[in-house]
Amino acid sequence: MLKQRLRALVSSPTRTLATCLVLLLVTLALLGPLLWGGEARTPDPVHLNEAPSAAHPLGTDNLGRDVLARVLTATRPSLVMALTATLIAVVLGALVGALPVLLGRRVQRVFAAVLTTWMAFPVLLIALFTTILLGAGAGTAVLAMGLTMTPVFGRLMQTLTAGIETSDYLVAARMLGISRRRRFLRYVLPNIAEPVLVYVTLNVGGALLALSSLSFLGLGVQAPDFDWGRMLGDALPAVYTSPWTTIAPGAAIVVAGVAFGLAGEAMAGAARSQDTPVRAARTPAPGTAPTTTPPAVPDTSDALLTVENLRVDYPTGSGWTTPVRDVSLRVRPGEIVGVVGESGSGKSVTAMAIARLISSPGAVRAGRLDFDGIDLAALSDKELRTRLGTRVAVVFQDPGTFLNPALRIGVQLTEGLLNQGRTNATTAREKAVHLLRQLRITGAASRLAQYPNELSGGMRQRVLIATAQMAEADLIIADEPTTALDMTVQHHVLETLSKRCREDGSAALVVSHDIGVLTSLCSRIVVMYAGRVVEELSVDTLLKGPAHPYSQALLASLPTLDSPVDQPLETIPGHPPHPDEDITGCAYAARCPRARDTCRNDLPRLEKVSAEGAVACWFPSAPAPATTRSTS
Ligand code: ADP
Ligand code: MG
């Protein structure tokens, strides 16, 4: 992560220039006074006001001191003052802007008013006032500058903390009884640090300019000490006779101001690039060989969605981890396909990759990622919006974060349809109410005026499902769409989902860890284990008896009407491998009762076994004779 950020800081000529300039200034601040401090302070009556020469590249001042040595030496006081003023502003800003988030609404309002009033005072007024109170000097100027900048930082942090005030983790921390101090230091500050740091860098340049102005006016650094502003002020009377004495410190102020400004921009750019989603299939993870295995289930003639050899890589501290590899699947128009597997098997990553929602630094590659003839991998984000519109809808596992907390439910449900001009507001609202009612949300009509935080988790999940259905999308990608629902509602919601899919002709790719949910909803199921597809089969075949031992184990762990109530359900011994584990053979071999040496040494490929079925197993079970098996 750090390496990427550092790389982002030199990723364009401007960013590189900014980084180099800041590094140069810091080096000068550290070494300047040591190397040239003596020369800068020693008067030389023989060489007064001399023009630039080989001995004095920028000439000498009215006391015969070397101007270049003085400019270089003044880097330290100028920077230190600017940094100290900014630090004061950040610390006070955090106390006034960020801390109130932990102190309750009333305190927050008081502090907001304080900040607004504080912002109204101009820099010079505060500087003059502080100088009158404390006397002119470097310390006074720094304090005045810090106090002037405080409300700006305070306001920024107030805005940033407002965003995390209601975050689940902060609320959870309070419930756990974590002290205010710790919550502030460990929960609030780290979460607002990045934008604040960018703003700090941008403002150091501004502080430097303002402090130089104060010194220039005689309110800052006092002789015999000097910073760039003081040098400029001292040299001004001789601006016509020896202009070099003014040009040099003036240029230093400009360069330093620009350097910090550019560095701030560069940091903001680097932070932004962290958030830009990577285009699918365009960013190969270094050091990973391209997938060459042809997909086992290439029968794609009539498919709406075709995924071939999907692979997702994420960078880790020591290389890359590949939670999804070689995944191929297809969904026909109107078909509901399920993806099942234990937690961590790569189901969500697969669904997100198909929906083009894997963000940087994750890298997605696929031999084919095709939706109704549109190559999803090749689309830019803009094309994705214009060409797909609402044709693909996504229901996420965590409903909380995917509903906009600032918009009423009604607006979120209808805006997709209205944006496209497909219907009018009244019809859209009626449809929304109808869908919510179908999904058994009580008081459906009045819910439209509510905000997401006024609904329960289960209701929010159903609102997401309704949003997906509003658009009558051709494909709904749903990741654990019913995990937040209780059993009775879950059953009903699944029924509604499949009924609406049938009515609208929508296809769906439904991800779940619960094979029971999928058997009641889907016609075909893809079983995933450790990031790979291990079996693909129709629900009928699944219920008769799947071929892969892992699918069999998943099915056996499902309660059925025949399960003896006095015996515990079967569980799968062991646990799935970590994506980083280096496995040569079948990933399931370690837990498989049927595993032999072949399984441990060679990876079984997904082989087609019937029109609808494929299995990746060296010793698959023969198709089982029809038995009656009912699932819950
Ligand atoms: P599930 O099948 O339970 O939905 P996921 O698809 O969420 O599993 O995760 C599969 C694997 O991918 C997990 O081991 C997880 O740690 C890893 N993973 C998911 N997202 C990331 C990420 N952003 N960075 C690194 N690894 C990730
Ligand atoms: Mg998941």
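Helix 13-41 against the longest principal axis of the chain: what's the angle in degrees, Cα atoms only, rounded to the nearest 10?
The angle comes out at about 30 degrees.
Please give the length that would be gained between Thr27 and Ala406 if that part of the chain were fully extended, namely 0.36 nm times their separation in residues minus their C-alpha to C-alpha distance (nm, one decimal).
The Thr27-Ala406 span can extend by a further 131.7 nm.
Starting from the 7 Å offset along Cα-to-Cβ, what nm value, one decimal, do you get for the label separation of Asp566 and Asn601?
Simple spin-label model gives 4.8 nm for this pair.
State, to one decimal in nm, how far the label point of Glu165 lies from the label point of Asp580, with both points 7 Å from Cα in the Cβ direction.
That separation, rounded to one decimal, is 4.0 nm.
Take each of the peptides 194-204, 372-382, 489-499, average the number of other beta-carbon atoms within 10 Å over its residues, and list them starting from the highest.
194-204, 489-499, 372-382
Suppose the chain between Glu415 and Lys544 were pulled fully straight at 0.36 nm per residue; how much longer would it get relative to their current alpha carbon spacing?
42.0 nm
Please list, in order along segment 122-128, the HN-Hα scalar couplings obtained from phi with the Karplus expression 6.51 cos²θ - 1.76 cosθ + 1.60 (θ = phi - 60°), rounded to whole Hz, x for Gly and Pro.
Each residue of segment 122-128 in turn: x, 3, 5, 5, 5, 4, 4 Hz.
Angle, helix 75-93 long axis vs. longest principal axis of the chain, Cα atoms, 0 to 90°, nearest 10?
50
How far is it, in nm, from the label point at Asp514 to the one at Leu95 when both lie 7 Å from their Cα along the line to the Cβ?
Those two pseudo-labels are separated by 5.2 nm.
Would you please give the residues with an amide H less than 5 Å from that of Ala478, counting only those at least 5 places away or on a separate chain, with H modeled from the backbone geometry?
Val395, Leu509, Val510, Val511
Which whole number of Å³ per residue matches the convex hull of the alpha-carbon atoms in the chain?
219
Can you compute 3J(HN,Hα) from phi for each residue in segment 146-155, using the Karplus curve 6.51 cos²θ - 1.76 cosθ + 1.60 with θ = phi - 60°, rounded to whole Hz and x for Gly and Pro?
x, 5, 5, 7, 3, x, 5, 5, x, 5
Within segment 94-133, list the residues whose amide N lies under 19 Å from a label point set 7 Å along Cα→Cβ of Arg186.
Counting only backbone N, you get 99, 101-103.
Take the alpha-carbon centre of segment 206-244, take the same for segment 485-523, and report the distance between them in whole Å.
What the calculation gives is 74 Å, centre to centre.
Using a Förster distance of 22 Å, how high is the FRET efficiency between Val46 and Leu236, based on the Cβ-Cβ distance and rounded to 0.05?
Once the sixth-power term is evaluated, E becomes 0.35.
Taking 0.36 nm per intervening residue step and subtracting the Cα-Cα distance, what contour gain separates Ser557 from Ala54 on full extension?
Net length gain for the segment: 172.3 nm.
For the pair Asp225 and Glu503, what calculated FRET efficiency results from E = 1/(1 + (r/R0)^6), where r is the Cβ-Cβ distance and R0 = 51 Å, to the nearest 0.05?
0.05
Using r as the Cβ-Cβ distance of Arg594 and Leu35, and R0 as 56 Å, what FRET efficiency do you calculate, to the nearest 0.05? Please report the intermediate quantities before stating the final value.
Working: r = 75 Å, r/R0 = 1.35.
Step by step, r from the Cβ atoms, then E = 0.15.
A short reminder: the numbers here are calculations on the coordinates, not readings from a lab. Computed from a predicted structure; not experimentally measured. All Cβ positions, even for glycine, are placed from backbone atoms using ideal geometry, and neighbour counts span all protein chains on display.
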